[in-house]
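These notes concern the structure reproduced below.
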Amino acid sequence: MRLPTVVTLFGYAGLLPFLLAPAWLAFSPGNAPDWLDAVWLSWCALVAAFMAGSMWGFSLPACEGSAGKAGLLVSMALMLLAWVATALPFRSALGLLSITYLLLLAADFWRERTLGTVGGYFPLRATLTVGVLVAMAWRYSLSA
C-alpha cells in the first residue's frame, strides 16, 4: 500500500502552524499577541500526541505479540511526554517537546522495521519532523 497524496498534503499543511508563530515573531514582533506562544506550544504538544497516537494505531493489530505491546507502551509514554510538556515553562516545554519529536522519529524507525509499514510513510514523517525541529529551534532562538 502506498501513502495517499492527501496524507502528504495534510502532513505539510500541519507543518504550517509550526512555522507561522516564529515567522510572526521574527518579522512583526510588535504585532504578536500575548497568547501566541501558548497557542503555538499547544499545537506542538497536540501534534506530538497525535503522532504518538498513530504509533498506537500501527501497534494495535499486533498487540497480542511482544512487539505490539512494546509499541503500545512506547505510544503511551510519548503521549505522556507531550502532555507533561504543557505544564512546563515555555523554554523547558520547548526542550521536552523537541526530545519528544526525536523519540517519535526513533519509535517510527523501530516500528517501520518491526510492525510493518505503509509505503512512503517514514520518509514523510522524517521530513516533517525535520521541519518541526527547525521551527522549534527558530522559535527558541527568538526567545533568547
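Quick look at the numbers
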| read-out | value |
| --- | --- |
| Filtered residues of the range 115-144 (kept if open to solvent by less than 60 Å² (accessible area, probe 1.4 Å), hydroxyl-bearing (S, T, Y) and over 15 Å from S98 (Cα atoms)) | Y121, S143 |
| Residue that is within 12 Å of the chain's Cα centre (by Cα), open to solvent by 60 Å² or more (accessible area, probe 1.4 Å) and not aliphatic (A, V, I, L, M), where the choices are W56, W43, W35 | W43 |
| Unmet requirement for A67, which otherwise passes all of (1) at pLDDT below 95; (2) over 14 Å from the mean Cα position of the chain (by Cα); (3) crowded, with 18+ Cβ neighbours inside 10 Å; (4) not polar (S, T, N, Q) | (3) |
| Residue that is at pLDDT below 95 and closer than 16 Å to S143 by Cβ, where the choices are A62, A32 | A32 |
| Residue check for A87: over 13 Å from the mean Cα position of the chain (by Cα) and either within 22 Å of S143 (Cα to Cα) or touching a residue at least 40 places away in the same chain (Cβ under 8 Å) (or both) | yes |
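The values are calculated or read from the model by the stated rules, or taken from the named source; none is laboratory data. Computed from a predicted model, the values in this text were never measured in an experiment. Here Cβ is always computed from backbone atoms with ideal geometry, including for glycine, and neighbour counts include all displayed protein chains. Just the protein is used for accessible areas: all its heavy atoms, side chains included, with ligands, DNA and RNA removed. Shrake-Rupley method; radii C 1.70, N 1.55, O 1.52, S 1.80 Å.
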